[in-house]
1. Quick check on D25: is it assigned to a helix (DSSP H, G or I) and either surrounded by fewer than 16 Cβ atoms within 10 Å (Cβ to Cβ) or at pLDDT below 85 (or both)?
2. Pick out, from the range 92-168, the strands (runs of 3 or more DSSP E) lying fully within it that include 3 or more residues that are open to solvent by 20 Å² or more (accessible area, probe 1.4 Å) and either within 30 Å of L61 (Cβ to Cβ) or touching a helix residue (DSSP H, G or I) at 6+ places or on another chain (Cβ under 9 Å) (or both).
3. Quick check: is even one residue across the range 80-89 under 25 Å from D14 (Cα atoms), among the charged types (D, E, K, R), surrounded by fewer than 20 Cβ atoms within 10 Å (Cβ to Cβ) and under 18 Å from the mean Cα position of the chain (by Cα)?
4. Just name the residue that is surrounded by the fewest Cβ atoms within 10 Å (Cβ to Cβ) out of those in the range 58-79 that are assigned to a helix (DSSP H, G or I) and in contact (Cβ under 8 Å) with a residue 12 or more places away in the chain.
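The values are calculated or read from the model by the stated rules, or taken from the named source; none is laboratory data. The structure presented is a predicted model; accordingly, all values stated were derived computationally and were not measured. Here Cβ is always computed from backbone atoms with ideal geometry, including for glycine, and neighbour counts include all displayed protein chains. Protein only, heavy atoms only, side chains kept; ligands, DNA and RNA dropped before computing areas. Shrake-Rupley method; radii C 1.70, N 1.55, O 1.52, S 1.80 Å.
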Amino acid sequence: YRRYIGAPEVSHDDRMLDFSMRQMDKADKTGIVHTVNDNTIFLTFDDWGSDDSINKLIYVLDKHKVNGTFFIIGKNIHNNPALLRSIAEHGNEIGSHTYYHTPMAIYEGEKLVSGTKEINYREDIIESHRKIASIMGDIKLSNGRYALTKLLRPPTLAVSKSGCKDIL
């Protein structure tokens with residue numbers, strides 16, 4: 001629960017599969033990340049877009065001397081590996097947005113079910129991390145930490161009990 005940051009739009013019956021009501025009540029749904037610095041803004045982008053949009057974003061981040069965390073879909077890296085390295089070389093962290101962008105839970109009709117029937121979620125996360133690391137795993141940030149993190153942003157913010165066990 002300490003590592004889960006929810007969102008106000010994620011409700012008990014919305015995107016939390018196989019959790020008890022008690023477990024869901026413990027989960028954060030505020031979306032608030034407490035930081036040491038009050039001057040913090042969080043933006044989220046679904047994957048990374050084009051050179052033009054990302055370079056403009058990097059320019060703005062550099063101009064204001066701030067860094068971000070970019071969550072990358074592994075299967076799209078081959079489209080532009082140099083852009084991935086550039087994001088990290090500008091001091092930004094990189095996290096996984098899975099390899100195939102498969103949600104842990106999806107709706108079939110009106111019922112929430114596992115979205116990972118066809119794939120092994122653990123293998124999906126490992127493959128995503130492996131692929132990202134093969135492109136930019138050697139890049140370090142100014143604080144000495146590697147730019148590649150173990151952070152994961154699940155697609156659609158949907159989580160399932162079995163998916164969460166897979167990523168531990």
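1. Working: assigned to a helix (DSSP H, G or I): yes; either surrounded by fewer than 16 Cβ atoms within 10 Å (Cβ to Cβ) or at pLDDT below 85 (or both): yes.
Yes: the conditions hold for D25.
2. Numbers: elements: 93-96, 105-108, 111-114, 148-152.
The strands (runs of 3 or more DSSP E) meeting that bar are 148-152.
3. Applying the first criterion (under 25 Å from D14 (Cα atoms)) to the range 80-89 yields none.
No; the residues of the range 80-89 include none that is under 25 Å from D14 (Cα atoms), among the charged types (D, E, K, R), surrounded by fewer than 20 Cβ atoms within 10 Å (Cβ to Cβ) and under 18 Å from the mean Cα position of the chain (by Cα).
4. Filtering the range 58-79 for residues assigned to a helix (DSSP H, G or I) gives 58-63, 74-79.
Within this subset, residues satisfying the condition of being in contact (Cβ under 8 Å) with a residue 12 or more places away in the chain are 58, 61-62, 74-77.
Working: I58: 20, L61: 17, D62: 13, G74: 22, K75: 16, N76: 15, I77: 20.
So, considering only residues that are assigned to a helix (DSSP H, G or I) and in contact (Cβ under 8 Å) with a residue 12 or more places away in the chain, the one surrounded by the fewest Cβ atoms within 10 Å (Cβ to Cβ) is D62.
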